[in-house]
Amino acid sequence: MKILLIRNDNIGDLVCSTPVIEALRKKYPKAQIDIVVNSLNAPVVIGNPFLDKVWVYTKTKHIKNFFLKIKAFLHKGWILWRIFCESYDVSVILRIHYSKHAGLFARVARAKKCLGVSGGGALKNTRF
């Protein structure tokens, strides 16, 4: 089983989500568990023994330089492509509010099951 966790918002929210990672690893010890985070909060999960892969991208709103924005945009596109190639079984958006960017990662993952907050604000178990 391949599980993609998506937590691309604030560092404190990611810290509060770390028990979920350990719980998933204990429940599914043989699963591949990966996570998508932004570059500002990545240090929280890099090296986490319960994760197999950490996908790190930089939000363009955090960059002032135009050329660095383009580089970050292209890098995010590469990460989206790599996630698409992984073809996850489950994606979990670990947020309490809808985010179109988190939804993009979930859709690209092509997961058979997706858990998370929908555009209407309700928790959904759906395929994007």
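Structural remarks
- Residue ID - nearest to Ile11 (Cα to Cα), chosen from residues in region 37-78 that are among the aromatic types (Phe, Trp, Tyr) and over 14 Å from the mean Cα position of the chain (by Cα): Phe50
- Residues in region 27-40 that are at pLDDT below 95 and open to solvent by 30 Å² or more (accessible area, probe 1.4 Å): Ser39, Leu40.
- Between Leu51, Leu4, Leu14, the distinction of being assigned to a helix (DSSP H, G or I) and either modelled with pLDDT of 95 or more or open to solvent by less than 70 Å² (accessible area, probe 1.4 Å) (or both) belongs to Leu14 only.
- Verdict on Ile96 being open to solvent by 30 Å² or more (accessible area, probe 1.4 Å), in a helix (DSSP H, G or I), aliphatic (A, V, I, L, M) and more than 20 Å from Ile33 (Cβ to Cβ): no
- Scope region 76-93; condition in contact with a strand residue (DSSP E or B) (Cβ under 6 Å, 6 or more places away or on another chain) and not in a helix (DSSP H, G or I); matching residues: Tyr88, Asp89, Val90, Ser91, Val92, Ile93
- Qualifying residue in region 108-127 (condition: within 14 Å of Val37 (Cβ to Cβ), surrounded by 11 or more Cβ atoms within 10 Å (Cβ to Cβ) and at pLDDT below 90): no
- Whether a residue is open to solvent by less than 40 Å² (accessible area, probe 1.4 Å), part of a helix (DSSP H, G or I), modelled with pLDDT of 95 or more and not hydroxyl-bearing (Ser, Thr, Tyr) was assessed, and Leu24 passes this test.
The values are calculated or read from the model by the stated rules, or taken from the named source; none is laboratory data. The model shown is predicted, which means the values in this text are computed figures rather than measured ones. Methodologically, a virtual Cβ is constructed for each residue, glycine included, from the backbone with ideal geometry; neighbour enumeration extends over all protein chains shown. Note: accessible area is taken over every heavy atom of the protein model, side chains too, but ligands, DNA and RNA are not part of it. Shrake-Rupley method; radii C 1.70, N 1.55, O 1.52, S 1.80 Å.
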